[in-house]
1. Could you run through the range 104-131 and say how many residues are part of a strand (DSSP E or B) and surrounded by fewer than 20 Cβ atoms within 10 Å (Cβ to Cβ)?
2. Limited to the range 51-69, what total is found for residues that are in a helix (DSSP H, G or I) and surrounded by 16 or more Cβ atoms within 10 Å (Cβ to Cβ)?
3. Among the residues of the range 33-55, is there at least one that is closer than 27 Å to His113 by Cα and among the hydrophobic types (A, V, I, L, M, F, W, C)?
4. What's the total number of residues in the range 144-162 that are at pLDDT below 75 and buried (at least 16 other Cβ atoms within 10 Å of the Cβ)?
5. Of everything in the range 72-96, what is surrounded by 13 or more Cβ atoms within 10 Å (Cβ to Cβ) and in contact with a Lys or Arg (Cβ under 6 Å, 6 or more places away or on another chain)? Give them in sequence order.
Amino acid sequence: MQADGDVVEGGLRRLAERPVQDVAAASSLRYRVEGAGPFDVFEGGDRIGPPIARLVDVVAEIDRRCTKRAEHWMALAGWLRLRGAVASIGPRRILVLGRPGAGVTSLVTRLLHDHHRVDGDATALLRDAVVLAFPQVFRVPADIGSHVPELERHVDALPRSPDGSGKAFSPA
């Protein structure tokens, strides 16, 4: 990750989280962010489009591009993309599937709060009976406090998710 200034680098920090997966990286792509707002964003040395006004929108755009690129590469390698989360309860690894709004994120947030391992939310990949989590920032519903009461006092401090549908929460 390369950015102009501490504020920009701090805003992009969540994109640099390094989750551990059992699959080796086949390639990499570099993003560069220049400016202090509006921001110029470069992918592999090429400008991705016109300047982006807000840092939160820069983060959302880079996250969207990285996610789509990784999903494409995984699909080419035979992985099936599922709407779900991957967690571990004791020695047992589980895949929780559900349509948007079904409560998958609320359930795995509860599991995380109860000290279970949660590898990812929103997207899981399946191939040959192997499940990989696709780590992303959780987009918890605004009413997450009603599902996980212990979080009620923290909900207002969480930032809005990039799409505005809930609150953004990084389990890392």
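1. Residues that pass the stated criteria total 5.
2. Here the count works out to 7.
3. No.
4. 4
5. Matches in the range 72-96: Trp79, Ser88.
The values are calculated or read from the model by the stated rules, or taken from the named source; none is laboratory data. Note that the structure is a prediction, hence the values are computed from the model and not measured. FYI the Cβ positions are ideal-geometry reconstructions off the backbone, even for glycines, and counts take in every protein chain you see.
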